[in-house]
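Here the structure comes first, spelled out in C-alpha cells, and everything after it is commentary.
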Amino acid sequence: MKVLVIGSGGREHALVWKIAQSPLVEKVYGAPGNPGMASLAERVNLPVSDFEGLADFAEAKTIDLTVVGPEDPLAAGIVDFFQDRGLTVFGPTAAAAQLEGSKAFAKDLMRRYDIPTSDYAQFDTSQEAIAHVHEHGAPIVVKADGLAAGKGVTVAQTVDEAVDAIHEIMDERVFGEAGARVIIEECLLGEEASIFAFSDGATILPLVASQDHKPALDGDLGPNTGGMGAYAPAPVITPSLYAEIEATVLQPCVDGLAKDGHPYTGLLYAGLMITDDGPKVIEFNCRFGDPETQVVLPLMASDIVPIMLACCDGTLAERTVETREGACVSVVMASGGYPKSYEKGKVITGIAEADADADLVVFHAGTQTSDEGLLTNGGRVLGVTALGTDIPSAIAKAYEGVAKIDFDGAQYRSDIGGRALERLKG
Ligand code: AMP
Ligand code: GLY
C-alpha cells in the first residue's frame, strides 16, 4: 500500500513513523513533510491548502490511503474534496469538523446530547458579552468562536481581563472572522487530560490517555504555547474515569453527530478537565493532538493502518487496539523566545546520537536542511521522545536525549511528566 500524510509538524512525523512500521505499507509520502521524516517518507512539495494538487498527486501515484494531520484543511473540506474524487481519506468531513472549527457548534451538540461541559453562553455583540461578564464575575473564560490557532482563549482572573479579551476578539478582530461571535464559559478547576478515539461514524476505539503541557515555563508559568511536552498514560485518568469518559463523552459525541446527519470519521480528540464533579469537556478537536500524538502512537502496539482504513469504510467494530506496557514522554525543544518572537536558522547538533538509543526517537517539528546541516525553522523545533517501563524511567530517558542535543538558544521545560510523578507518589 501507498500512504500519503498531509502536514509538516511533529504530529505528522509521528504519524509517518507509525504508518511506516505497518507491514502493509510499501511507501509513505509526506506533503509537505519535514526533514525528520526523510528516511521514512518521500517529501512532496505541496502545501496543505492545495486540495486539487494533493488529490491529483494521490490519483497519479495510486495512493491507497491519505491521512490529514492539521485542522485547517479538515475544516476547509479536504475530506469532502478527496471523497468526491473517489479517494480513501482519513479524517472528518467539513460538516463533522465543525466540532473543532466552531466552538458554538460543539457547545450546542454537547448541550443537546447531555455531554458534560462547562456552562456557557454565546454572543454576537461585545456589549451583550460584556454585560454577561459583569453579571457573572471572574474567573471566567472568553473564547473566539472560530479557529484561532489555539490563541483565541483567555482564562480571565478578573472582569477587566475578560472585558479586554472581548474587545480584542470582537471589536479589534485580532483573530479575524473567528471573532464574529464570542463564547463565555464557566471556569473549570482540575487537572487536564486528552483522550483520542478512532471513529468510523458509529464505533469508537479510544487510545491511551495523555497530558499536554501548554505553558512555556516550568511550574506551568509563562504564556501558553502549542504544547511544550506530553506524557502517556496519564494517571489522572483512572480505569473507572476512562470508562466513564467513553460512555458519557466519546460515544455520545459520535452518536449525536451521526443522528444530526454528520457522521464523524477519523480521529476524535477530547480535551478534558477532571473536576470534583467528574470529567468535563474543555474542547473537541477533529484531529490528532500535537504533541500528544508523539507519546500516544509509540504506546500503540497495533498496526495503525488497518484501523485507519476501517474508520474510512465503516468496519471499525471488527477491530481492536492493543496498548504496550510502559510509558512514553516527549520533551519539546523550542527556539529561544517562543511563543513570542524567536530566531530561526540555528545549527542543530546531536540528533543522531540521541536517535541511536533504541528507546529514543526525535520527532522534528520545525527544522530545515541546509549546507551547514540541520537548522531550526520554527518555534517548536524537536520532540525528544522516550519509551520506558514506567513514567519515571521514560522521563529520565527523554532528558538523556535532550542533553545530547544542542542549538543556540534552545529552551525546554525541565518538569515534563511532573504531575504524573506527584500523583504516583500519592
Ligand atoms: P481550548 O483552546 O478551548 O483548548 O482552550 C485552551 C486552554 O484554555 C485549555 O487547554 C485550558 O487550559 C484552558 N481552558 C479552556 N476552557 C476552559 C474552561 N472552561 N475552564 C478552565 N480552563 C479552560
Ligand atoms: N495539544 C493540543 C492540541 O493539539 O490542540
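The values are calculated or read from the model by the stated rules, or taken from the named source; none is laboratory data. Owing to the predicted nature of the structure, the values given are computational and were not obtained by experimental measurement. Here the Cβ positions follow ideal geometry from the backbone for every residue, glycine too, while neighbour counts run over all protein chains shown.
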Review point. Which ones in the range 1-17 are farther than 15 Å from residue 383 by Cα and basic (Lys, Arg)?
Key: 2
Check your understanding: Does the range 27-38 contain at least one residue that is of a type in the set (S, T, N, Q) and touching a Gly at 6+ places or on another chain (Cβ under 8 Å)?
Key -> yes
Check your understanding: How many of the residues making up the range 332-354 are within 22 Å of the chain's Cα centre (by Cα) and of a type in the set (Val, Ile, Thr)?
Key -> 1
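For residue 94, state whether it is touching a Cys at 6+ places or on another chain (Cβ under 8 Å), at pLDDT 95 or above and over 23 Å from residue 22 (Cα atoms).
Judged against the criteria, residue 94 is not a match.
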Review point. When the residues of the range 198-222 are filtered to those that are touching a Leu at 6+ places or on another chain (Cβ under 7 Å) and over 22 Å from residue 256 (Cα atoms), which remaining residue is farthest from ligand 2 (Cβ to nearest atom)?
Key: 208
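Results for (1) in contact with a Phe, Trp or Tyr (Cβ under 8 Å, 6 or more places away or on another chain); (2) under 29 Å from residue 383 (Cα atoms); (3) among the acidic types (Asp, Glu), shown as yes or no for each residue.
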| position | (1), (2), (3) |
| --- | --- |
| 27 | no, yes, no |
| 31 | yes, yes, no |
| 36 | yes, yes, no |
| 42 | yes, yes, yes |
| 53 | no, no, no |
| 65 | yes, yes, no |
| 74 | no, yes, no |
| 87 | no, no, no |
Exercise for review: Output the number of the condition that residue 237 fails; it satisfies all remaining conditions of (1) within 24 Å of residue 69 (Cβ to Cβ); (2) surrounded by 22 or more Cβ atoms within 10 Å (Cβ to Cβ); (3) aliphatic (A, V, I, L, M).
Suggested key: (1)
Point to revise | Filter result for the condition that a residue is surrounded by 18 or more Cβ atoms within 10 Å (Cβ to Cβ) and in contact with a Pro (Cβ under 7 Å, 6 or more places away or on another chain), over 327, 354 | key: 327
Point to revise | Residue check, residue 220 surrounded by fewer than 24 Cβ atoms within 10 Å (Cβ to Cβ), more than 16 Å from ligand 1 (Cβ to nearest atom) and among the acidic types (Asp, Glu) | key: no
Check your understanding: From the list 390, 415, 408, 357, which one is more than 19 Å from residue 223 (Cα to Cα), under 24 Å from the mean Cα position of the chain (by Cα), modelled with pLDDT of 95 or more and acidic (Asp, Glu)?
Key -> 390
Review point. Among 239, 263, 252, which is the only one that is away from ligand 2 (no atom under 16 Å from the Cβ), more than 18 Å from the chain's Cα centre (by Cα) and over 25 Å from residue 309 (Cα atoms)?
Key: 239
Study note, to complete from the structure: For the range 143-159, the count of residues that are closer than 18 Å to residue 173 by Cα and either of a type in the set (S, T, N, Q) or at pLDDT 95 or above (or both) equals 1
Revision key, fill the gap. Checked 163, 153, 182 against criteria (surrounded by 16 or more Cβ atoms within 10 Å (Cβ to Cβ) and closer than 19 Å to residue 72 by Cβ); the one match is 153
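Within the group 48, 3, 79, 28, which residue is part of a helix (DSSP H, G or I), in contact (Cβ under 8 Å) with a residue 24 or more places away in the chain and more than 16 Å from ligand 1 (Cβ to nearest atom)?
79
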